[in-house]
1. Return the residues of region A:1-37 that are modelled with pLDDT of 85 or more, open to solvent by 60 Å² or more (accessible area, probe 1.4 Å) and more than 12 Å from every other protein chain (Cβ to nearest Cβ); say none if nothing qualifies.
2. Just to check your reading of the model, which residue among A:59, A:85, A:53 is open to solvent by less than 20 Å² (accessible area, probe 1.4 Å), closer than 28 Å to residue B:59 by Cβ and either within 14 Å of chain B (Cβ to nearest Cβ) or at pLDDT 90 or above (or both)?
3. Going by the conditions given, is residue B:88 surrounded by 15 or more Cβ atoms within 10 Å (Cβ to Cβ), more than 9 Å from every other protein chain (Cβ to nearest Cβ) and under 15 Å from the mean Cα position of the chain (by Cα)?
4. Quick one: which residue in A:200, A:240, A:273 is modelled with pLDDT under 80, open to solvent by 40 Å² or more (accessible area, probe 1.4 Å), farther than 18 Å from residue A:158 by Cα and touching a helix residue (DSSP H, G or I) at 6+ places or on another chain (Cβ under 7 Å)?
5. Could you pull out the residue among B:101, B:43 that is outside any strand (DSSP E or B) and more than 28 Å from residue A:70 (Cβ to Cβ)?
6. Note down all Cβ pairs under 7 Å where the first residue falls in region A:45-58 and is in contact (Cβ under 8 Å) with a residue 12 or more places away in the chain, the second is basic (Lys, Arg), and they're at least six residues apart or on different chains.
7. So which residues in region A:5-51 are more than 31 Å from the chain's Cα centre (by Cα) and within 21 Å of residue B:83 (Cβ to Cβ)?
Amino acid sequence: MRPIERAFELVLRLYPRAFRDEFGDEMRAFVEARRAEPRHATPWGAVRLWCHLVVDGVLGAIREQAAAWSTTRARADAPVVSPALLPGNGTPRGAHGHAGSGRALRRPHAFATSGLHDRVRRHAGVRHRRHRRHFGVVDALLFRPLRYPSPHQIVVVTMTRGTSLDDPCSYPDFVDWREQARSFQSVAVIRNQSVNLTGRESPERLSGAFVSASFFSLLGADPLAGRLFAHDETEIETARPVAVISEGAWRRLFGADAGIIGRTLVLNGTRCR
Amino acid sequence: MRTKEPPPPASDFLPLTPAVLHILLALADGDQHGYAIAQTVEELTGGTVRMGPGTLYGSIGRMVASGLLEESSRGRGRVAEDERRRFYRMTALGRRVLEAEMERLDRVVALARAKNVLRRPEPA
């Protein structure tokens with residue numbers, strides 16, 4: 001390995017692990033190709049390339065670290081809404097198929113102070129991206145065991161398509177699995193989705209997820225305030241769209257107002273309770 | 001029956017950053033891997049825009065995540081190419097966003113001409 005490539009390896013370590021996993025090999029190939037260009041064959045050319053790679057690499061690492069931190073923070077404020085909010089023909093679009101079983105489910109022994117258990121939300125969120133999954137696995141196995149009841153019985157099912165090994169499934173597929181699967185005690189579906197919260201002084205773009213009613217019961221989560229989804233409220237084109245908000249959203253957007261339960265929220269133009 | 005999430009409007013992405021704009025322009029003629037994209041951008045801009053791997057792959061990652069680009073079916077390891085390279089192509093949403101950005105820039109240029117801060121090109 002040449003000095004420029006060794007130096008770039010050090011720069012690469014500044015990036016989030018997930019980014020390195022995704023693009024590290026391509027970036028190394030990029031640097032090797034750049035180094036082989038005739039204009040970089042001279043000592044002066046090599047110095048210019050080295051400076052360019054270091055400056056660009058460090059600035060890029062700062063951007064990616066900031067983006068990773070921002071994503072983590074957004075997930076902490078994530079609301080969860082029912083599939084009833086889905087527009088169009090009444091089918092969740094590209095819904096992630098997450099199936100799981102949880103025998104003898106118990107209530108988690110610790111909850112956040114509002115609608116959704118904070119750790120449930122965080123750990124549900126990490127399942128959708130490779131890097132989050134890697135972190136989640138290490139975090140769960142080595143440091144902080146998941147606080148779901150029977151976490152070893154929960155599995156995540158995704159589809160493969162072409163080279164993608166983590167592709168969303170369609171809602172009809174989920175319905176088929178729910179009706180026909182015999183190996184699972186319970187099957188739930190979740191799809192991450194940002195929604196627009198309007199009808200307030202200033203609109204907000206919120207990160208959240210569409211989930212089936214079984215999602216919370218599968219994880220053994222109960223709200224401390226209000227209630228979770230009834231089965232008919234998460235069916236497609238339900239007449240009763242509802243939303244569950246996280247503790248973070250409750251505090252940040254509603255000032256921890258105890259009267260939030262039952263109030264109407266406008267999400268993606270749909271009035272939800 | 002499978003359904004897809006309707007794409008967001010192109011206007012949600014505007015204005016584009018220089019890096020995203022040039023990557024989309026570089027992919028307007030077909031699939032390319034990252035290094036080829038950087039080379040094309042450098043050629044198209046007469047060497048004034050030179051992308052390093054941090055800028056390039058950070059932008060590509062965000063563009064793939066937002067649906068402007070996708071990995072090409074040519075995938076990794078095309079014959080005679082470095083197997084570490086992946087090919088990318090512009091999606092239909094990416095093309096709409098590029099067109100919308102070009103129209104926006106066209107309006108800006110027209111405005112600049114109307115304000116006499118940009119000379120009209122002289123006839124050949």
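The values are calculated or read from the model by the stated rules, or taken from the named source; none is laboratory data. Remember, predicted model here, so these are calculated numbers, not experimental data. Glycine gets a Cβ as well: all are built from the backbone with ideal geometry, and neighbour counts include every protein chain shown. Please note that ligands, DNA and RNA were not included when accessible areas were found on the heavy atoms of the full protein model with its side chains. Shrake-Rupley method; radii C 1.70, N 1.55, O 1.52, S 1.80 Å.
1. If the condition is that a residue be modelled with pLDDT of 85 or more, open to solvent by 60 Å² or more (accessible area, probe 1.4 Å) and more than 12 Å from every other protein chain (Cβ to nearest Cβ), then A:6, A:10, A:13, A:17 are the ones that fit.
2. On the way: A:59 fails: open to solvent by less than 20 Å² (accessible area, probe 1.4 Å); A:85 fails: closer than 28 Å to residue B:59 by Cβ.
Just a single option satisfies the conditions, and that option is A:53.
3. Working: surrounded by 15 or more Cβ atoms within 10 Å (Cβ to Cβ): yes; more than 9 Å from every other protein chain (Cβ to nearest Cβ): yes; under 15 Å from the mean Cα position of the chain (by Cα): yes.
Yes, satisfied.
4. Numbers: A:200 fails: touching a helix residue (DSSP H, G or I) at 6+ places or on another chain (Cβ under 7 Å); A:273 fails: touching a helix residue (DSSP H, G or I) at 6+ places or on another chain (Cβ under 7 Å).
Answer to the selection: A:240.
5. Details: B:101 fails: more than 28 Å from residue A:70 (Cβ to Cβ).
On inspection, the qualifying residue turns out to be B:43.
6. If the second residue must be basic (Lys, Arg), the pairs left are A:49/A:34; A:49/A:35.
7. Restricting attention to region A:5-51, the residues satisfying the condition of being more than 31 Å from the chain's Cα centre (by Cα) are A:5-7, A:31-51.
Answer for region A:5-51, where residues must be more than 31 Å from the chain's Cα centre (by Cα) and within 21 Å of residue B:83 (Cβ to Cβ): A:5, A:31, A:32, A:33, A:34, A:35, A:36, A:37.
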